[in-house]
1. Answer yes if at least one residue in the stretch 64-82 is touching a residue at least 60 places away in the same chain (Cβ under 8 Å), closer than 30 Å to Ala160 by Cβ and surrounded by 14 or more Cβ atoms within 10 Å (Cβ to Cβ), and no otherwise.
2. Could you check the stretch 128-141 and list, in sequence order, the residues that are open to solvent by 40 Å² or more (accessible area, probe 1.4 Å) and over 29 Å from Pro178 (Cβ atoms)?
3. Has the stretch 110-117 got any residue that is farther than 18 Å from Ala24 by Cβ and either open to solvent by less than 20 Å² (accessible area, probe 1.4 Å) or of a type outside the set (Gly, Ala, Ser) (or both)?
4. Of Arg4, Arg12, which residue is touching a Ser or Thr at 6+ places or on another chain (Cβ under 7 Å), open to solvent by 30 Å² or more (accessible area, probe 1.4 Å), more than 16 Å from Ala165 (Cβ to Cβ) and part of a helix (DSSP H, G or I)?
5. For the stretch 173-195, give me each residue that is among the basic types (Lys, Arg) and either touching a strand residue (DSSP E or B) at 6+ places or on another chain (Cβ under 8 Å) or within 12 Å of Leu157 (Cα to Cα) (or both).
6. Is it the case that the stretch 172-181 has a residue that's under 18 Å from Trp84 (Cα atoms), in a helix (DSSP H, G or I) and touching a helix residue (DSSP H, G or I) at 6+ places or on another chain (Cβ under 6 Å)?
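The values are calculated or read from the model by the stated rules, or taken from the named source; none is laboratory data. Computed from a prediction, not measured in an experiment: that's the story for all the values here. For neighbour counting, all protein chains shown are included, and Cβ atoms are generated from backbone atoms with ideal geometry for every residue, glycine included. Heavy atoms of the whole protein, side chains included, go into the accessibility calculation; ligands, DNA and RNA do not. Shrake-Rupley method; radii C 1.70, N 1.55, O 1.52, S 1.80 Å.
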Amino acid sequence: MTGRAQQREQTRRTLLHESRRLFATKGYAAVGLSEIVAAAGVTKGALYHSFDSKLALFRAVLADVQNEVGARVAAAADAEPDPWTQLVTGCETFLTTCTTPDIQRIMLIDGPAVLGWQEWRALDETASARHLGEALTTLVADGVIPPQPIPPLTHLLSGAMNEAALWLATAPGPDALPDTLATLRRILETVRTGR
């Protein structure tokens with residue numbers, strides 16, 4: 001990579017970092033491009049060289065957040081030796097990670113509001129539903145859950161977890177997460193063979 005290319009990539013990373021911080025603390029609507037470039041220490045021209053709009057910048061921040069959540073889920077699941085425990089751990093990690101304030105704000109509150117439900121769902125499906133479907137396919141192949149069409153099961157479980165994560169973003173009380181995790185475990189147990 002040339003010096004110029006490295007500088008462009010560093011500018012892009014700085015813009016993403018500062019935008020994420022600002023979007024997380026103030027929300028998308030309250031953050032202007034002038035504030036972003038000032039925080040990043042770059043010009044608007046440098047911003048427009050990497051992103052054609054504030055919306056494009058937000059999409060990139062959201063994609064980074066979704067990738068971070070996916071990496072946390074994968075790391076926690078991969079640490080478990082048993083495929084069933086991997087599924088449960090991955091699902092629990094998803095919900096727990098989604099209670100992080102900056103993730104809540106960017107991924108769950110502003111994401112659907114800024115991009116619209118359809119685009120937000122498409123990004124979510126690309127980011128996490130694919131991994132859930134792969135895990136469920138493995139569990140069917142291993143006989144842990146009964147043979148069944150994987151796409152509807154994936155969408156049902158993904159939708160339930162996304163709805164729970166959205167609810168947790170605004171839910172009052174210290175028991176919201178533990179109660180949600182306990183309910184999730186009960187739901188997951190119902191899909192196991194012979195349960």
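1. In the first step, residues of the stretch 64-82 are kept if they are touching a residue at least 60 places away in the same chain (Cβ under 8 Å); the result is 66-67, 70.
In the following step, the residues that additionally are closer than 30 Å to Ala160 by Cβ were identified as 66-67, 70.
When the remaining residues are screened for being surrounded by 14 or more Cβ atoms within 10 Å (Cβ to Cβ), the result is 66, 70.
So far as the stretch 64-82 goes, yes, one or more of its residues are touching a residue at least 60 places away in the same chain (Cβ under 8 Å), closer than 30 Å to Ala160 by Cβ and surrounded by 14 or more Cβ atoms within 10 Å (Cβ to Cβ).
2. Across the stretch 128-141, the qualifying residues are Thr137, Ala141.
3. Keep residues of the stretch 110-117 that are farther than 18 Å from Ala24 by Cβ, which gives 116-117.
Those left that are additionally either open to solvent by less than 20 Å² (accessible area, probe 1.4 Å) or of a type outside the set (Gly, Ala, Ser) (or both): 117.
Yes; the residues of the stretch 110-117 include at least one that is farther than 18 Å from Ala24 by Cβ and either open to solvent by less than 20 Å² (accessible area, probe 1.4 Å) or of a type outside the set (Gly, Ala, Ser) (or both).
4. Values: Arg4 fails: touching a Ser or Thr at 6+ places or on another chain (Cβ under 7 Å).
Step by step, each of Arg4, Arg12 is checked, and only Arg12 is touching a Ser or Thr at 6+ places or on another chain (Cβ under 7 Å), open to solvent by 30 Å² or more (accessible area, probe 1.4 Å), more than 16 Å from Ala165 (Cβ to Cβ) and part of a helix (DSSP H, G or I).
5. Of the stretch 173-195, the ones among the basic types (Lys, Arg) are 185-186, 192, 195.
Arg185 - this is the single residue of the stretch 173-195 that is among the basic types (Lys, Arg) and either touching a strand residue (DSSP E or B) at 6+ places or on another chain (Cβ under 8 Å) or within 12 Å of Leu157 (Cα to Cα) (or both).
6. Restricting attention to the stretch 172-181, the residues satisfying the condition of being under 18 Å from Trp84 (Cα atoms) are 181.
Subsequent filtering for residues that are in a helix (DSSP H, G or I) retains 181.
From what's left, touching a helix residue (DSSP H, G or I) at 6+ places or on another chain (Cβ under 6 Å): 181.
For the stretch 172-181, residues under 18 Å from Trp84 (Cα atoms), in a helix (DSSP H, G or I) and touching a helix residue (DSSP H, G or I) at 6+ places or on another chain (Cβ under 6 Å): present.
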